[in-house]
1. Has the stretch 144-155 got any residue that is surrounded by fewer than 22 Cβ atoms within 10 Å (Cβ to Cβ), outside any loop (DSSP other than H, G, I, E, B) and free of Cβ contacts under 8 Å to residues at least 40 places away in the same chain?
2. Name the residue that is most open to solvent (accessible area, probe 1.4 Å), counting only residues in the stretch 178-211 that are assigned to a helix (DSSP H, G or I) and closer than 20 Å to ASP152 by Cα.
3. Of GLY14, GLY28, which residue is farther than 20 Å from PHE374 by Cα, loosely packed, with under 15 Cβ neighbours inside 10 Å and within 32 Å of the chain's Cα centre (by Cα)?
4. Look through the stretch 337-374, keep the residues that are open to solvent by 30 Å² or more (accessible area, probe 1.4 Å) and hydrophobic (A, V, I, L, M, F, W, C), and return whichever of them is farthest from THR233 (Cα to Cα).
5. Might you let me know whether the stretch 344-367 holds any residue that is of a type outside the set (S, T, N, Q), assigned to a strand (DSSP E or B), out of contact with any Asp or Glu (no Cβ under 9 Å at 6 or more places or on another chain) and in contact (Cβ under 8 Å) with a residue 24 or more places away in the chain?
6. For LEU329, are the conditions met, namely being among the aliphatic types (A, V, I, L, M), in contact with a Phe, Trp or Tyr (Cβ under 8 Å, 6 or more places away or on another chain) and either on the phi > 0 side of the Ramachandran plot or open to solvent by less than 20 Å² (accessible area, probe 1.4 Å) (or both)?
7. Just one of LYS81, LYS45, LYS39, LYS56 is out of contact with any Ser or Thr (no Cβ under 9 Å at 6 or more places or on another chain), in contact (Cβ under 8 Å) with a residue 60 or more places away in the chain and open to solvent by 10 Å² or more (accessible area, probe 1.4 Å); which is it?
Amino acid sequence: MKLLLKAAKIIDQGSKYHHKKVDILIEGGIIKKIGASLKIKDVDKEIDLKNLHVSKGWFDSSVSFGEPGYEERETIKNGLKVAGQSGFTQIALNPGTNPVLDNNGSITSIKSKAENNAVQLFTIGALTNKSEGKDLAELYDMHQAGAIAFGDYKKAIGHPNLLKLSLLYAQNFDGLVQSFPQDDQIAGYGLVNEHINSTSLGLNGIPALAEELQIIRDLYILEYTGGKLHIPTISTEKSIKLIKDAKKRGLDVSCSVAIHNLIYTDDELVEFDTRYKVLPPLRTKVDVKALRKGVLDGTIDMVTSDHTPIDLEHKKVEFEHSLYGTIGLESAFGALSTIFDLDETISLLTKGRARFKIPEVEIKEGNQANFSLFDPEEQSTFNKENIYSSSKNSMFLDLKIKGKVYGIINGTRSSMLTIG
């Protein structure tokens, strides 16, 4: 099949085509020709969209669906369709399913369900059996099945020796260990950020100290053991300083931040709207400012939607009983574009692969097509019609966003809102 993208402006700071408007011929999933005003005969499909921009495919390092066990929240099939329509060609799936993804068979099963899709699914295996934090899971066997990292989703590694053992063991196969940054003994029964708003609203707070103490502990253990550590979704100003210092000391540590923690503060909690109940919690304006700075100076290695579908019965209930999480794939590009310029936004959406040893495909002749297609200028308000997920728990509703996603092309497959 021959596919021709017309008048597409390429956004790729490492490419010779950066900010150039070109036509791109794709044949059999391979980029055959890039040039201005190409004249190609016998094209099967021509894509000519308003203000079309193209970048390398976007990657999200922290995505949850539901299947297996929570299909009412999201299935693999529809979740991957949502990711593609949101501009992502590759996602890393968290192990917070039922049963938990903690062995070779479960990793293999999930991967098989995702085959023949425009969006490539990579799996994060649980660090401990059933994510119970007691015994290490079958890390090497999961690695053999294709798991790209190991961590218990949204669950802290309570026992320090368990982290020590996992970092030592994973070095045998260059594995990446993830440690969620929260000391549960300090967090206690907290629900939101411990600050002025938690006090005025009468909600138990999770202090920044809970995150920072865990990071300090984890970094000391990493310094002792060596190995590779990834700290997902940090949220405080001091966390950034701790990780920045650790990198200067040569520790092999990386971190991410959830996009909603770059946009919103705990001021949103005044109406007890459970859409804003996430973990780590929304913090203060000081933290948001520091997180944005950390993204720009490279201390924070990647951003993530931290997409977490929750069904209505477990989200729209009393605040205390509501589950943590917001969906974020559909709003990721539009939300980021409101706080960063275009080049930085695309850079953030395409970073992170190297940490998980996922190859990056350059936009050049002879390579496989792996594109995200979008218009960076269109402005709108994010609403329910923009949600393609089965669950609708988005905190981004009514946010004024910038940019429109057309979809993706990945090899011979595509997932497009506009052309099908």
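1. No, that holds for no residue.
2. Taking the candidates together, the pick is GLN185.
3. Details: GLY14 fails: farther than 20 Å from PHE374 by Cα.
None of the others qualify; the one that does is GLY28.
4. Taking the stretch 337-374 and keeping what is open to solvent by 30 Å² or more (accessible area, probe 1.4 Å), we get 338-339, 341-344, 347, 351, 354-355, 357, 359-362, 364-368.
Among the residues that remain, those that are also hydrophobic (A, V, I, L, M, F, W, C) are: 339, 342, 354, 361.
Numbers: ILE339: 18, LEU342: 23, ALA354: 18, VAL361: 26 Å.
Within the stretch 337-374, the match that is farthest from THR233 (Cα to Cα) is VAL361.
5. Checked against the condition, which is being of a type outside the set (S, T, N, Q), assigned to a strand (DSSP E or B), out of contact with any Asp or Glu (no Cβ under 9 Å at 6 or more places or on another chain) and in contact (Cβ under 8 Å) with a residue 24 or more places away in the chain, the stretch 344-367 yields no hits at all.
6. Answer is yes for this residue.
7. On the way: LYS81 fails: out of contact with any Ser or Thr (no Cβ under 9 Å at 6 or more places or on another chain); LYS39 fails: in contact (Cβ under 8 Å) with a residue 60 or more places away in the chain; LYS56 fails: out of contact with any Ser or Thr (no Cβ under 9 Å at 6 or more places or on another chain).
Among LYS81, LYS45, LYS39, LYS56, only LYS45 is out of contact with any Ser or Thr (no Cβ under 9 Å at 6 or more places or on another chain), in contact (Cβ under 8 Å) with a residue 60 or more places away in the chain and open to solvent by 10 Å² or more (accessible area, probe 1.4 Å).
Condition check ((1) under 25 Å from THR345 (Cα atoms); (2) touching a strand residue (DSSP E or B) at 6+ places or on another chain (Cβ under 6 Å); (3) of a type outside the set (Asp, Glu)) across all residues:
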| residue | (1), (2), (3) |
| --- | --- |
| LEU3 | no, yes, yes |
| ALA7 | yes, yes, yes |
| ILE10 | yes, yes, yes |
| GLY14 | yes, no, yes |
| TYR17 | yes, yes, yes |
| ASP23 | yes, yes, no |
| GLU27 | no, yes, no |
| LYS32 | no, yes, yes |
| ILE40 | no, yes, yes |
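The values are calculated or read from the model by the stated rules, or taken from the named source; none is laboratory data. Just so it is clear, the structure is predicted and the values come from calculations on it, not from any experiment. FYI the Cβ positions are ideal-geometry reconstructions off the backbone, even for glycines, and counts take in every protein chain you see. Note: accessible area is taken over every heavy atom of the protein model, side chains too, but ligands, DNA and RNA are not part of it. Shrake-Rupley method; radii C 1.70, N 1.55, O 1.52, S 1.80 Å.
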